[in-house]
Amino acid sequence: MPRNIMWLLNLLKMKKGKKVVVLTGAGISAESGIATFRDSGGLWEGHDVMEVASPEGWEKNPNLVLDFYNQRRKQAITAQPNAGHLALKELEKYFDVTVITQNVDNLHEKAGSSKVIHLHGELFKARSSVDENLIYDIDGWEIKPGETCEKGSQLRPHIVWFGEMVPMMERAIEETQQADIFLIVGTSLLVYPAAGLINYVDPSIAKYIIDIKAPEMGINDPYLRFIEAKAGEGLPKLIRELVDEHHV
Ligand code: OAD
């Protein structure tokens with residue numbers, strides 16, 4: 001690349017600040033009243049996950065699946081972002097921030113985060129069950145049986161179910177590879193491919209995990225710091241540290 005272009009790119013990067021990539025999971029929304037997955041004893045709000053979150057479940061009983069996500073939506077519609085989500089918005093004043101979330105709620109958006117990648121889909125969107133490119137915003141909380149896309153097929157939740165492809169993964173990998181600092185907040189790191197994102201992080205950059213429990217995979221990386229805390233307490237504190245440390 002010509003030197004003057006390199007110089008310009010570096011200048012732009014300096015102006016925008018370092019790139020922070022944040023992988024979030026259900027734990028960041030726990031303090032907003034949304035239940036996590038693995039703390040609920042293998043059942044998801046009383047259901048076997050395969051019944052309500054798989055293409056087979058949808059085929060067997062679409063009304064049950066619609067109702068399940070309608071209830072999740074009804075619960076999430078009034079949820080408010082907590083101090084953890086708000087801290088990530090605040091971070092944008094100092095860094096170029098990308099949030100990669102496994103959560104289907106919209107609390108990062110409600111907090112004002114501007115770059116959010118939803119790996120597992122979005123609760124407040126519906127999509128055609130025959131054409132994955134037909135995606136619609138949901139007005140309110142309900143997808144009703146009989147509500148169809150423009151091709152006449154039943155609308156389904158815009159959620160990545162078990163056994164389905166994760167279309168946003170490629171973009172998430174690209175962002176992860178460019179990170180100068182990588183944060184992991186409130187995820188058990190048990191569901192792939194999301195949990196594998198950490199393998200794309202530059203090994204020499206600083207990494208942080210904030211969770212109330214240490215990850216099962218263990219921590220054997222000198223550049224990785226585990227902070228045992230709730231997201232709403234640990235994140236605002238870490239973010240103040242990062243801002244001080246990087247003098248931006
Ligand atoms: P999990 O329920 O597996 O993990 C939640 C994590 O959050 C655990 O490590 C908890 O210790 C931690 N935690 C709980 N409360 C917390 C708090 N207040 N502050 C910080 N951490 C807290 O949720 P995910 O890892 O997000 O997929 O689950 C990944 C995927 O599995 C989900 O996206 C979902 C599920 O099946 C789909 O629906 C496709």
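A few comments on the model shown:
- Selection status of residue 20, over 17 Å from residue 187 (Cα atoms) and under 19 Å from the mean Cα position of the chain (by Cα): yes
- One residue from 195, 172 being under 25 Å from residue 56 (Cβ atoms), surrounded by 15 or more Cβ atoms within 10 Å (Cβ to Cβ) and not charged (D, E, K, R): 195
- Positions within the stretch 201-213 being within 12 Å of the ligand (Cβ to nearest atom) and part of a loop (DSSP other than H, G, I, E, B), in sequence order: 212, 213
- Residue check, residue 155 hydrophobic (A, V, I, L, M, F, W, C) and outside the structural domain of residue 63 (by TED's automatic domain parsing): no
- Of the set (1) in contact with a Gly (Cβ under 9 Å, 6 or more places away or on another chain); (2) charged (D, E, K, R); (3) within 17 Å of residue 182 (Cα to Cα); (4) surrounded by fewer than 18 Cβ atoms within 10 Å (Cβ to Cβ), all apply to residue 211 but (4).
- Close pairs (7 angstrom Cβ cut-off, 6 or more residues apart or separate chains): farther than 16 Å from residue 165 by Cα in the stretch 126-147, modelled with pLDDT under 95 and loosely packed, with under 14 Cβ neighbours inside 10 Å anywhere: 141/74
- Sole residue being assigned to a loop (DSSP other than H, G, I, E, B) and of a type outside the set (A, V, I, L, M), chosen from 175, 216, 241, 170: 216
- Matching residues in the stretch 52-77 - criterion: being buried (at least 17 other Cβ atoms within 10 Å of the Cβ) and over 30 Å from residue 238 (Cβ atoms): 52, 53, 54, 57, 58, 65, 66, 68, 69, 70, 73
- Single residue of the stretch 178-192 satisfying the filter (assigned to a loop (DSSP other than H, G, I, E, B), within 12 Å of the ligand (Cβ to nearest atom) and of a type in the set (A, V, I, L, M)) that is surrounded by the fewest Cβ atoms within 10 Å (Cβ to Cβ): 190
- Condition met for residue 80 (under 26 Å from residue 240 (Cα atoms) and surrounded by fewer than 19 Cβ atoms within 10 Å (Cβ to Cβ)): yes
Residues are listed down the side, and each one gets a yes or a no for (1) at pLDDT 95 or above; (2) more than 23 Å from residue 34 (Cα to Cα):
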| residue | (1), (2) |
| --- | --- |
| 173 | yes, yes |
| 176 | yes, yes |
| 183 | yes, no |
| 189 | no, no |
| 192 | no, no |
| 212 | yes, no |
| 234 | yes, no |
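- Considering the stretch 105-158, the qualifying strands (runs of 3 or more DSSP E), each wholly inside and each with 1 or more residues that are at pLDDT 95 or above, within 20 Å of residue 169 (Cα to Cα) and small (Gly, Ala, Ser), run over 121-128.
- Enumeration of residues in the stretch 58-104 that are polar (S, T, N, Q) and part of a strand (DSSP E or B): 98, 101
- Within the stretch 216-224, none of the residues are within 17 Å of the chain's Cα centre (by Cα) and of a type outside the set (Lys, Arg).
The values are calculated or read from the model by the stated rules, or taken from the named source; none is laboratory data. Not measured: the values here are computed from a predicted model. All Cβ positions, glycine included, derive from the backbone under ideal geometry; neighbour counts span all protein chains shown.
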